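Inspection log for the structure reproduced underneath, given as C-alpha cells.
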Amino acid sequence: MAKGHEMIPVTDPSGKTSSSSAMSRKGAYAAASYMACAVLLVMFNKAALSSYHFPCANVITLFQMVCSCLLLYAMRFWDIISFSAGETQSVSYNPATMVPHKTLLHTIPLAVSYLLYMLASMESIRGVNVPMYTTLRRTTVAFTMVVEYFLTRQRYSHTVVGSVGIIILGAFIAGARDLSFDSYGYTIVFMSNICTAVYLASIARIGKSSGLNSFGLMWCNGIICGPILLLWTSISGDLERTLKFPNLFSPGFQAVMALSCIMAFLINYCVFWNTMLNSALTQTVCGNLKDLFTIGLGWLMFGGLPFDLLNVVGQSLGFLGSCLYAYCKLQGR
C-alpha cells in the first residue's frame, strides 16, 4: 500500500461493545446514518418492484452487489480505504481477493447469512405494502435477542426487554385488522426477520474476530455471494427476463436502479458500522425508529393500506418502544 495517503476512517473491529454501555457520539452518528439510508433504500426498491413492475428482485440484489464490489475495488486500489485496521504492505493477501485466504474462509458463514438476508428482504418488499412491511419487520427485535443469546450469551436489562415487548405489542396491534392480508407475503417477511437476526448476530461475532473493518466485510460478502447469485439468476431465467423488461432502458427506471445501488452500498456500510459500534439489537431497533418516516412516505407514494385507528395506535406503540430503547442506551442501561 502506498504510504502518505490519508484513508477514510473505518470501524475498528477490535473495539469491544457492551449492551450495558452508553451509546457514544460516533455510535449515535452510525445509527442516524443507517436510518436515513434505510428509508431511501426501501423507497427506491419499492419503486422498482411496484411502480415499474420489475419482475426480478434477485437481479436488483445482484446489481447492488456488483456495484458495491466495483466501488470497493476502485477505492482500495487507489488507497482511499483499507479492508482491515492497521493494514500494512507486509500483509500477505491474494491480489484477486485483496484479503488473506484464511480471512476469506472465516467470513463464509457471514456471507451466506448476508445472501439469505438480502434475498429474503428484497422478496418481502414485493409481497407486502410498505406500511405493513415495516410493521411486521419490527418483530425482528425478538428474533435478534434470541439469536444473540444463543450465539454470544448476550443478556439485556429488564428495561430493554420491556421496550422490546412494547415494540412487538405495537406490531401485533397494528396488523390486527390488516385488510390486505397476504399469507405468502407475511411468511416471507418473517423469514426475512429470522435471516436478519442471524446476519446481525454474525456481524457482531465474526466481524470482530476476522480483523476486517466494515469495508473489508462488505468486500468479502460481495465476492463470495456475487458469483452464487449470478449463477442462480442465470439458472432461474431472471437475467433473460431482465433483458426483455420493457422499461429496462427507461431513464426513470435506470435512475431508480442507480439510486438503489448507491443506497445499498451506503446502508451495508452503515449496518456494519452501527452493529460493530453498538450491538445487533441496537441495529434492529434503529430499523424500527426509521419506520415512522418509511410508513409516512409509503402511504403518500405507494398507498396500499386503508386508514385504521388500531393501526395508528400500534404504530405509535412501536415507535414509543423504540424511543424507550434508545433512551436506555443513551443512559447506559
Among residues of the stretch 30-69, those that are modelled with pLDDT of 90 or more and more than 18 Å from residue 239 (Cβ to Cβ), counted: 1
Which numbered condition residue 235 misses (of (1) among the β-branched types (Val, Ile, Thr); (2) touching a residue at least 12 places away in the same chain (Cβ under 8 Å); (3) out of contact with any Asp or Glu (no Cβ under 8 Å at 6 or more places or on another chain)): (2)
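The values are calculated or read from the model by the stated rules, or taken from the named source; none is laboratory data. Since we're looking at a predicted model, the values are computed, not measured. Here the Cβ is made from the backbone with ideal geometry for all residues, glycine too, and neighbour counts use every protein chain on show.
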